[in-house]
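Trainee: Below you'll find the structure I mean.
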Amino acid sequence: MSDRASRLFGGMRVKQSKLSLRFALAAAAVAAFTMALASSILFVTWAEQFDEYVNERLRSTAKGAASLVAINVQAHGEWNQHVFLGLPRYGIMSGLGLQVMESGGRVLYDDSFATGQANHVAGPPSGVAGPEGQVHLAPIVVDGVPIGVVRVWPLVEEGRFADVDIRFRESSFEALGLAAVIAVIAASIAGAGFAITFLRPIDKITETAEALRAGNQSARTGFTGDDAIGALGKTLDEMADAIEADRNLERRLTADVAHELRTPLQAIQATVEAMQDGIYPADEEHLQIVRNETVRLSRLTDGILELTKLERGSVALRFERIDAAGPVGAAVDFHRFLFEAAGIGLAEQVETGVFVQADSDRLTQAVSNLLSNAIRYSPDGGQVNVAVRREGGSAVIEVADTGIGIAEKDINKVFSRFWRADEARDRESGGLGIGLAIVKEIVKRHGGRVCAIRREGGGTVFRIEIPLIK
């Protein structure tokens, strides 16, 4: 592999690596942003739900403790230490502060452990006199009569949450953070994988474009998919086909022009040298040969120049509303004597009132070129039919001959520069090989189309279609 190719492919690998990294980072950033947004929304929603969960837990705990105290009071008939058995599992064991107060407000039981131990009936309460935060009360009812109140509140986090609630909240945040990390990593891997998959066809397109630029006109992507990448690849292939066709045409055109110019120049040179060497006398006959070849050379250069101007659009056309029968009739009248001299029949089926927007002189020139072509390729005793008629929204002009015809493989070449169906015969008759190319350009400038159709039994029909106007 050459140094240039090595640098080229090395550069493409670096570009691929950078783009893959960018895809991965972009995917990770999107995942991180998504998780951050989801976490923010979830945190707000979760905070509300968590507060409601804590409140419901405190209410349920207070009701449960009140129910237990009521049952014990009813069983023992009075307030004593047995009444408070089982309350620690509602209070301190659940991370909550719990107090039992009689109807007068005196605290009978305190599980808040402000001094490190609980008090049970005896002595004044040593716990929290006025708890703050989320405090929930539940009445103690015995035989339908309220005899006291159970008060419950969290012992930590400023009276909002208990230890178990804090642990639950922290574990939730840890799980959410772990999910975010996993999502970012997974998105990065997926982004890198997508980048590699996405870049592979792009690399193929890049390689093909570089190969075309380096002169390999056969390079193609071969893509056939209907997605955007496939369409891009097919477009590049079509463009390469068109460029290759244009370059082949340019090469063939250059060769054809050189060949066409060489023939009359060689004839002139050979005749002049023969007269100089005394082989031919410098008489009228041989000077006429030189003149004929000079005229042929002049016609050829004029024809090429005219065709080039038409292709470039530098020839100004004078469009006007005309009856298509007019220029067709003028071309037929001009060639009528030539048909008679060649022994070829000429028939007309011209419909009048077929109006088009056209340059009358250029349209006459196009029909004249078709008639000249028909004379050149029709045998003695042949027949040429000229027709003008309406078909749908078009004016149709047809020139049909009974000549040598055109092979199926050559039907699309007839309007190419310097193409001939029978080169040897055409050279003898003085054809330039650019008349039909001029016809194509004239019709194209009129917004129409021209085509050649093989006739059964031999011959060709040349058909011009130009849009009708009222």
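Trainee: Mind counting the residues in region 286-341 that are part of a helix (DSSP H, G or I), modelled with pLDDT of 85 or more and of a type outside the set (A, V, I, L, M, F, W, C)?
Mentor: Matching residues across region 286-341 total 7.
Residues are listed down the side, and each one gets a yes or a no for (1) more than 60 Å from the chain's Cα centre (by Cα); (2) at pLDDT 80 or above; (3) not in a helix (DSSP H, G or I):
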| position | (1), (2), (3) |
| --- | --- |
| L98 | yes, yes, yes |
| M101 | yes, yes, yes |
| L108 | yes, yes, yes |
| S126 | yes, no, yes |
| A138 | yes, yes, yes |
| V141 | yes, yes, yes |
| D203 | no, no, no |
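Condition check ((1) closer than 20 Å to G457 by Cβ; (2) in contact with a Ser or Thr (Cβ under 6 Å, 6 or more places away or on another chain); (3) of a type in the set (G, A, S)) across all residues:
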residue: I304; (1), (2), (3): no, no, no
residue: L317; (1), (2), (3): no, no, no
residue: D333; (1), (2), (3): no, no, no
residue: A347; (1), (2), (3): yes, no, yes
residue: Q357; (1), (2), (3): no, no, no
residue: A366; (1), (2), (3): no, no, yes
residue: N369; (1), (2), (3): no, no, no
residue: Q383; (1), (2), (3): yes, yes, no
residue: V396; (1), (2), (3): no, no, no
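Trainee: Go through (1) modelled with pLDDT of 75 or more; (2) surrounded by 14 or more Cβ atoms within 10 Å (Cβ to Cβ) and name the single condition G77 misses.
Mentor: If we test G77 against (1) modelled with pLDDT of 75 or more; (2) surrounded by 14 or more Cβ atoms within 10 Å (Cβ to Cβ), just (2) comes out false.
Trainee: Here is a further query. Among the candidates A114, A32, A36, A27, which residue alone is modelled with pLDDT under 85, aliphatic (A, V, I, L, M) and in a loop (DSSP other than H, G, I, E, B)? Break it down into steps so the answer makes sense when it comes.
Mentor: Working: A32 fails: in a loop (DSSP other than H, G, I, E, B); A36 fails: in a loop (DSSP other than H, G, I, E, B); A27 fails: in a loop (DSSP other than H, G, I, E, B).
Answer to the selection: A114.
Trainee: Right, something else. Working carefully through the options Q266, Q357, Q349, find the one that is more than 30 Å from V399 (Cα to Cα) and open to solvent by 40 Å² or more (accessible area, probe 1.4 Å). Even if it seems obvious, please write down each step before you answer.
Mentor: Values: Q357 fails: more than 30 Å from V399 (Cα to Cα); Q349 fails: more than 30 Å from V399 (Cα to Cα).
Sole residue among the options that is more than 30 Å from V399 (Cα to Cα) and open to solvent by 40 Å² or more (accessible area, probe 1.4 Å): Q266.
Trainee: Let me ask something else. The conditions are (1) within 46 Å of the chain's Cα centre (by Cα); (2) open to solvent by less than 70 Å² (accessible area, probe 1.4 Å), and E320 fails exactly one of them. Which is it?
Mentor: Checking E320 against (1) within 46 Å of the chain's Cα centre (by Cα); (2) open to solvent by less than 70 Å² (accessible area, probe 1.4 Å), the one that fails is (2).
Trainee: Please go through region 433-470 and pick out each residue that is open to solvent by 20 Å² or more (accessible area, probe 1.4 Å), at pLDDT 85 or above, within 17 Å of A358 (Cβ to Cβ) and not hydrophobic (A, V, I, L, M, F, W, C).
Mentor: K440, E441, K444, R445, G447, G448, R449, R463, E465, P467
Trainee: Name the residues in region 205-218 that are open to solvent by 40 Å² or more (accessible area, probe 1.4 Å) and outside any helix (DSSP H, G or I), would you?
Mentor: Matches in region 205-218: A214, G215, N216, S218.
Trainee: I'm told I185 meets every condition in (1) of a type in the set (A, V, I, L, M); (2) farther than 30 Å from I71 by Cα; (3) modelled with pLDDT of 70 or more; (4) open to solvent by less than 60 Å² (accessible area, probe 1.4 Å) except one. Can you identify the failing condition by its number?
Mentor: Just one mismatch for I185, condition (4).
Trainee: Could you give me the residue pairs with C-beta distances under 7 Å whose first residue belongs to region 442-470 and is under 14 Å from Q365 (Cβ atoms), whose second residue is of a type outside the set (S, T, N, Q) and open to solvent by 60 Å² or more (accessible area, probe 1.4 Å) wherever it lies, and which are 6+ apart or on separate chains?
Mentor: That search, which allows pairs on different chains as well, returns V443/R449; V450/K440.
Trainee: If you don't mind, there's one more thing I want to ask. Restricting to region 80-96, what's the tally of residues that are assigned to a helix (DSSP H, G or I) and modelled with pLDDT under 80? First the steps, then the outcome.
Mentor: At the first step, the residues of region 80-96 found to be assigned to a helix (DSSP H, G or I) are 81-84, 87-89, 92-94.
Those still in the list that are modelled with pLDDT under 80 too: 92-94.
Here the count works out to 3.
Trainee: Return the residues of region 234-247 that are open to solvent by 70 Å² or more (accessible area, probe 1.4 Å) and at pLDDT below 80; say none if nothing qualifies.
Mentor: Correct list: D246, R247.
Trainee: Filter region 411-426 down to the residues that are at pLDDT below 75 and open to solvent by less than 60 Å² (accessible area, probe 1.4 Å) and list them by number. Show your work before the answer.
Mentor: Of the residues in region 411-426, the ones at pLDDT below 75 are 416-426.
If the condition is that a residue be at pLDDT below 75 and open to solvent by less than 60 Å² (accessible area, probe 1.4 Å), then S416, R417, F418, W419, R420, A421, D422, D426 are the ones that fit.
The values are calculated or read from the model by the stated rules, or taken from the named source; none is laboratory data. Being a predicted model, the structure only gives us computed values, none of them experimental. When we count neighbours, we look across all protein chains shown, and the Cβ atoms used for this are built from the backbone with ideal geometry, even at glycine. Heads up: the accessible areas ignore ligands, DNA and RNA and are worked out on the full protein's heavy atoms, side chains in. Shrake-Rupley method; radii C 1.70, N 1.55, O 1.52, S 1.80 Å.
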